[in-house]
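One structure below.
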Amino acid sequence: TMTASRDSSAGLLADTLYKDEIAKLRKPARVICEVTRLAVDSEDNDPELLKSLFRSSYKYAKAVFGVTDVVIEVNPRHAADYRREFGFSQAGGLRNCPRVDAPAVLLHRSLSSIRI
């Protein structure tokens, strides 16, 4: 499963830890989407499944919301995988996320270079 939430006047969950970093991404021509609640069944630990899930969410977010940018908070031990597999770059430093009581970093991905 995966939730893709469009930025709104209520903001994003990631604003709790990374308000300043996300504020820099907010521009008139940009629409930001946040990926949360990412879960894959441990018995289906196929990397292609996760790639397919991200591609589908990108396609949906672009088509329905006009999304131009995606942010995601991840545990630092997974950040390299997100950079390598999904083209994210680090946008915010190490913080402790109170929602999951674990360390987090903010990652960002522009969708402008993706052909879906």
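Results, tabulated for the structure shown:
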quantity	calculated
Antiparallel bridges, percent of DSSP beta bridges restricted to the chain (to nearest 5)	80
Å² per residue, accessible surface of the stretch 34-116 at 1.4 Å	60
Carbon/sulfur fraction of accessible area - the stretch 5-84, other protein chains in place, 1.4 Å, %	51
Helix-only [θ]222 nm of the chain, DSSP H runs n ≥ 4, -39500 (n - 2.57) each, per residue, nearest 500	-9500 deg cm²/dmol
Whole-number percent relative contact order across the chain, with pairs defined as alpha carbons under 8 Å at least 6 apart	27
Of [x] 1.01; [y] 1.11; [z] 0.95, the label for Cα Rg over 2.2 N^0.38 Å derived from the coordinates	[x]
Surrounding net charge for I22, when Lys and Arg each add one and Asp and Glu each subtract one, Cβ distance under 12 Å	-2
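The values are calculated or read from the model by the stated rules, or taken from the named source; none is laboratory data. Note that the structure is predicted; figures quoted are calculated from it, not measured. Please note: Cβ atoms are built from the backbone with ideal geometry, for glycine as well, and neighbour counts cover all protein chains shown. All accessible areas refer to the heavy atoms of the entire protein, side chains included, with ligands and DNA or RNA removed. Shrake-Rupley method; radii C 1.70, N 1.55, O 1.52, S 1.80 Å.
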